[in-house]
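See structure below.
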Amino acid sequence: EPEVTQTPSHQVTQMGQEVILRCVPISNHLYFYWYRQILGQKVEFLVSFYNNEISEKSEIFDDQFSVERPDGSNFTLKIRSTKLEDSAMYFCASKAQGPGNTIYFGEGSWLTVV
Amino acid sequence: KQEVTQIPAALSVPEGENLVLNCSFTDSAIYNLQWFRQDPGKGLTSLLLIQSSQREQTSGRLNASLDKSSGRSTLYIAASQPGDSATYLCAVYSGNTPLVFGKGTRLSVIA
């Protein structure tokens, strides 16, 4: 079965450092997402991306966050200046065209900010 | 704003028992609902997707039902096994807006 792959699986970073989380969505998918899950809390939406632009973002996705699709296969989330409260599991997801399709999630990237 | 609630928050059952997990949502204008499984520290594995026009979906020992008008879904697990131990998440999807998740039900199946 096709899968969404994410790297790194775990990253520890100093507060204030920039972090880039990488994702390779399923190849024929057109919708891409980032979600996060703080330990013990709900999975929360960050941003959705379609047709090379952000289609929706949550209030969590402030100016320190950005997303990019630098080539035909990768989808990245950049956190410019990390804070302690950014420590979470970050999930990438993708979906084919059409509202009736399953959204597939990657295994996640654990980010620990110290 | 869509809110998704899952009860119970945790459930412990002996192996072999049939069980039901519940999910409710506040806005019935949804396209579909997905059930996911999450093992500790791991990603989200999609189990079942029910379209808004469907009443239920089945996969192996899992059966998910949807009652859109009352804003409810259930996930039925038959003949539970220790390998079913995980957190089960319900999420609803309205068009191309983001999935909204519940907090999950943490299931423990005791051998």
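The values are calculated or read from the model by the stated rules, or taken from the named source; none is laboratory data. Computed from a predicted structure; not experimentally measured. Here the Cβ positions follow ideal geometry from the backbone for every residue, glycine too, while neighbour counts run over all protein chains shown.
Observations, loosely collected:
- Only a single item in (1) out of contact with any strand residue (DSSP E or B) (no Cβ under 7 Å at 6 or more places or on another chain); (2) within 14 Å of chain B (Cβ to nearest Cβ) is not met by A:G72, and it is number (2).
- Residue within the range A:14-26 that is polar (S, T, N, Q) and away from chain B (no Cβ under 12 Å) present: yes
- Listed by position, the strands (runs of 3 or more DSSP E) enclosed by chain B that each have at least 3 residues that are of a type outside the set (D, E), away from chain A (no Cβ under 14 Å) and in contact with a Leu (Cβ under 9 Å, 6 or more places away or on another chain) are B:10-14, B:19-25, B:62-67, B:72-77, B:105-110.
- Only one of B:G41, B:G95 that is modelled with pLDDT under 95 and either farther than 18 Å from B:E3 by Cα or buried (at least 19 other Cβ atoms within 10 Å of the Cβ) (or both): B:G41
Residues are listed down the side, and each one gets a yes or a no for (1) in contact with a Cys (Cβ under 9 Å, 6 or more places away or on another chain); (2) within 16 Å of A:G108 (Cβ to Cβ):
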{"position": "A:E1", "(1), (2)": "no, no"}
{"position": "A:Q14", "(1), (2)": "no, no"}
{"position": "A:L30", "(1), (2)": "no, no"}
{"position": "A:G40", "(1), (2)": "no, yes"}
{"position": "A:L46", "(1), (2)": "no, yes"}
{"position": "A:N52", "(1), (2)": "no, no"}
{"position": "A:F75", "(1), (2)": "yes, yes"}
{"position": "A:K83", "(1), (2)": "no, no"}
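- One residue stands out in the range A:27-62 among those that are β-branched (V, I, T) and surrounded by fewer than 21 Cβ atoms within 10 Å (Cβ to Cβ): the one that is nearest to the other protein chains (Cβ to nearest Cβ), namely A:V47.
- Every residue from the range A:7-26 that is of a type outside the set (A, V, I, L, M), within 27 Å of A:L84 (Cβ to Cβ) and crowded, with 21+ Cβ neighbours inside 10 Å: A:C23
- Residues in the range A:101-114 that are more than 7 Å from chain B (Cβ to nearest Cβ) and assigned to a loop (DSSP other than H, G, I, E, B) were compared, and the one that is farthest from A:R80 (Cα to Cα) is A:N101.
- Flag if A:F65 is more than 9 Å from every other protein chain (Cβ to nearest Cβ) and either on the phi > 0 side of the Ramachandran plot or free of Cβ contacts under 8 Å to residues at least 40 places away in the same chain (or both): yes
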